[in-house]
Amino acid sequence: MLNTPSRLAQRLPAIAMLAAVMAISGCQKETEPTTPNQPTDTQRLDTETTDNQANTTSVDTNVDANADAPTDMQVNDAPITILALGDSLTEGLGVDKNDNYPAQLEDRLQAMGYKNTEVINSGLSGETSTGLVNRLDWVLQTKPDVTILTIGANDAIRGIDVATIEANIRTAVKRLQDNGSVVILGGMSIYDNLGDDYVAAFSDIYPRVAKDMSVPLIPFFLEGVGGEAELNQADAIHPTKEGYTIIVNDNILPILEPTLQEVTAAETSQADTTKNTPNETT
């Protein structure tokens with residue numbers, strides 16, 4: 001015998017509850033479907049906040065990095081060629097090829113941030129001012145931006161007339177300038193055994209030429225080294241490695257660095273002008 005009414009009566013409370021739930025659900029606003037991986041508004045807000053924080057951190061890091069970077073590092077990217085032109089004092093007679101002043105100068109400049117700087121050693125033992133003038137065509141093929149010219153000591157040892165020495169130095173400076181090189185002149189002095197008049201006249205060549213031809217002057221190339229036994233080789237003429245270090249740091253760099261800043265600034269300005277000049281069209 002079937003007890004259908006009895007079973008129905010037992011199920012009525014459950015059916016009534018299910019109907020109530022369905023009614024309540026039908027009164028609520030239908031939720032828009034979302035596609036897989038689509039972020040909700042809350043997730044978007046969190047993501048944007050995180051991105052903004054990351055960008056702010058990135059900007060702050062860049063600003064701090066630029067603030068800490070030396071100014072020189074920002075303007076010394078251009079390639080610079082420096083020609084070390086002279087006699088055995090430039091060549092580095094008696095010292096290792098890495099210990100002469102051109103080699104030490106290149107290392108020092110690169111450590112200072114002039115990463116693309118090359119110093120070409122064009123020193124020649126026994127060179128006189130006349131011999132140097134005769135090989136200018138050859139050395140000018142290096143197209144130097146700056147030339148450090150140190151010549152005349154061998155002329156003085158030979159007692160060559162001071163007027164001849166000065167004329168040759170002026171010729172060398174002008175030729176270098178005409179070919180676009182900024183010249184730094186290294187002043188020289190000699191021992192008194194050649195006579196007071198000759199010694200004075202010889203020493204006066206360098207400041208006079210520097211003034212007349214508007215070139216920076218290293219007053220005495222061997223300042224702090226010449227006459228110091230511990231800084232010179234056995235001949236008492238040519239510096240040791242340590243002597244050349246003093247020459248680079250104390251005598252050359254104080255004159256060279258301002259010149260390099262002017263050269264790099266001029267090259268940067270010229271590059272910007274060229275970049276901003278519109279090309280002619282036909």
How big is the C-alpha Rg of segment 75-261 next to the rule-of-thumb value 2.2 N^0.38 Å, as a ratio?
-> 0.96
Flagged links, alpha-carbon separation over 21 Å, of K143/K211; K211/K241; K115/K143; K174/K211 | K143/K211; K211/K241
Return the long-range amide H neighbours of G123 (sequence gap of 5 or more, or a different chain), with a cut-off of under 5 Å between placed amide H atoms.
-> G86, E91
Taking the Cβ of A163 as the center, what net charge do the other residues with Cβ under 14 Å away carry, scoring Lys and Arg +1 and Asp and Glu -1?
-> -3
Taking the Cα-to-Cβ direction at K211 and at D107 and moving 7 Å from each Cα, how far apart do the two end points lie in nm?
-> 3.9
Ranking of L93, L109 by count of other Cβ atoms within 10 Å, fewest first | L93, L109
Distance (nanometres) between label positions extended 7 Å along Cα→Cβ at E223 and T142 | 2.4
How far is the Cα center of segment 144-183 from the Cα center of segment 81-125, in Å?
-> 18
Can you work out ³J(HN,Hα) from phi for every residue in segment 161-171, in order, using Karplus 6.51 cos²θ - 1.76 cosθ + 1.60 and θ = phi - 60°, giving whole Hz and x for Gly and Pro?
-> 3, 4, 4, 5, 4, 5, 4, 5, 5, 4, 4
Please work out how much length the chain gains when fully extended from L194 to D178, using 0.36 nm per residue of separation minus the C-alpha to C-alpha distance, in nm with one decimal.
-> 2.3 nm
Förster radius 25 Å - calculated FRET efficiency between Q233 and R158, Cβ distance, rounded to 0.05 = 0.75
Amide H neighbours of V183 at under 5 Å, excluding residues fewer than 5 places away on the same chain, with H built from the backbone geometry, are T147
Fewest Cβ neighbours within 10 Å first, please rank S125, S181 accordingly.
-> S125, S181
Mind listing the phi-derived Karplus ³J(HN,Hα) values for segment 194-203, rounded to whole Hz, using 6.51, -1.76 and 1.60 with θ = phi - 60°, and x for any glycine or proline?
-> 8, x, 4, 5, 5, 4, 5, 5, 5, 5
Under 5 Å, built H, 5+ apart or other chain: amide partners of N232 = T240
Taking a crude spin-label model, label points 7 Å out from Cα along the C-beta direction, the N134 to T268 distance in nm is 4.4
What list do you get for Y191, Y101, Y244, Y198 if you sort them by fewest beta carbons within 10 Å?
-> Y191, Y198, Y244, Y101
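Every number here is computed from the coordinates shown, using simple stated rules; none is lab data. Treat the numbers as computed from the prediction; the structure is a model and nothing was measured. As a convention, Cβ positions derive from the backbone with ideal geometry for all residues, glycine included, and neighbour counts pool all protein chains shown.
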